[in-house]
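*Asks:* This is the structure I want to talk about, given as structure tokens.
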Amino acid sequence: MTFKRNLLYGLGTALILLFFSSFASYFSIKTLIDNSQMVRKSNQIIKDLDNVFSLVKDAETGQRGYLLTGDQVFLEPYTKSKDKISGALDQLSSEISNTATQSKNLEKLKSSVNDRLEILEKNLNDKKNKNAVTTQQLLAGKSYMDNIRSTVSTMQNEEKLILQSRTESMDKLA
């Protein structure tokens, strides 16, 4: 009788340990998967920031080519980029980490991009209307481009810090 009772106690204890071990494994794997998705999200945000900056540079390049030559063919990169920038910013808005710093930086980026596009458009209209584009207008555009470059860099650095934290957390769980 004591053998059966000891066997039942041993089996019960083993089942309890198995249950707790399974629960801990499930929790650990779920957390690892969640962290992996967050790492992927951070990498996508960094890539999308590069894309926004690249699109603004393409628009600027198209405008510059048109200002120098007056040839409409140079407006193609400007037109294509201008159409894509809004979507790229919306995509970035939906992905960006919900931190106060990143939200503030995103608003600054949107504002600078919109201001830069307005200057590009004004310069193009001046050229089309046979008005001279002044050095002051070009320098104002450069200033906005510098702001965009700085904001993108700041946002990428912030996202890299978030990524580092997520990676460290993932490594601990692995």
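The values are calculated or read from the model by the stated rules, or taken from the named source; none is laboratory data. Quick caveat: nothing in here was measured; it's all calculated off a predicted structure. A quick note on method: Cβ atoms are made from the backbone with ideal geometry, for glycine too, and the neighbour counts reach across all protein chains shown. These accessible areas exclude ligands, DNA and RNA; they are computed on the full protein's heavy atoms, side chains included. Shrake-Rupley method; radii C 1.70, N 1.55, O 1.52, S 1.80 Å.
*Asks:* Asn98 is checked against (1) in a helix (DSSP H, G or I); (2) within 30 Å of Gln37 (Cα to Cα) and fails just one. What number does that condition carry?
*Replies:* The number of the failed condition is (1).
*Asks:* Among the residues of the stretch 153-168, are any modelled with pLDDT under 85, open to solvent by 60 Å² or more (accessible area, probe 1.4 Å), closer than 23 Å to Gln37 by Cα and assigned to a helix (DSSP H, G or I)?
*Replies:* Yes, the stretch 153-168 has at least one match.
*Asks:* Just to be sure, is Gln44 under 14 Å from the mean Cα position of the chain (by Cα), at pLDDT 90 or above and either in a helix (DSSP H, G or I) or closer than 22 Å to Arg166 by Cβ (or both)?
*Replies:* Answer is yes for this residue.
*Asks:* While we're on this one: In this structure, is Ser25 in contact (Cβ under 8 Å) with a residue 24 or more places away in the chain and under 37 Å from the mean Cα position of the chain (by Cα)?
*Replies:* No, not satisfied.
*Asks:* Still on this structure: Of all residues in the stretch 89-112, which are touching a residue at least 40 places away in the same chain (Cβ under 8 Å) and over 17 Å from Lys47 (Cα atoms)?
*Replies:* Selection gives Thr99, Thr101, Lys108.
*Asks:* Tell me, yes or no, whether the stretch 72-88 has at least one residue that is open to solvent by less than 70 Å² (accessible area, probe 1.4 Å) and in contact (Cβ under 8 Å) with a residue 60 or more places away in the chain.
*Replies:* Looking through the stretch 72-88, none of the residues is open to solvent by less than 70 Å² (accessible area, probe 1.4 Å) and in contact (Cβ under 8 Å) with a residue 60 or more places away in the chain.
*Asks:* Restricting the stretch 79-134 to residues that are of a type in the set (A, V, I, L, M) and in contact with an Asp or Glu (Cβ under 8 Å, 6 or more places away or on another chain), which is nearest to Asp146 (Cα to Cα)?
*Replies:* Taking the candidates together, the pick is Leu120.
*Asks:* Answer yes or no as to whether Leu68 is at pLDDT below 90, within 22 Å of Asp126 (Cβ to Cβ), open to solvent by 20 Å² or more (accessible area, probe 1.4 Å) and part of a helix (DSSP H, G or I).
*Replies:* Yes; evaluated as a whole, the condition is true for this residue.
*Asks:* Quick check: is even one residue across the stretch 124-134 of a type in the set (S, T, N, Q) and either surrounded by 14 or more Cβ atoms within 10 Å (Cβ to Cβ) or under 16 Å from the mean Cα position of the chain (by Cα) (or both)?
*Replies:* There is no residue in the stretch 124-134 that is of a type in the set (S, T, N, Q) and either surrounded by 14 or more Cβ atoms within 10 Å (Cβ to Cβ) or under 16 Å from the mean Cα position of the chain (by Cα) (or both).
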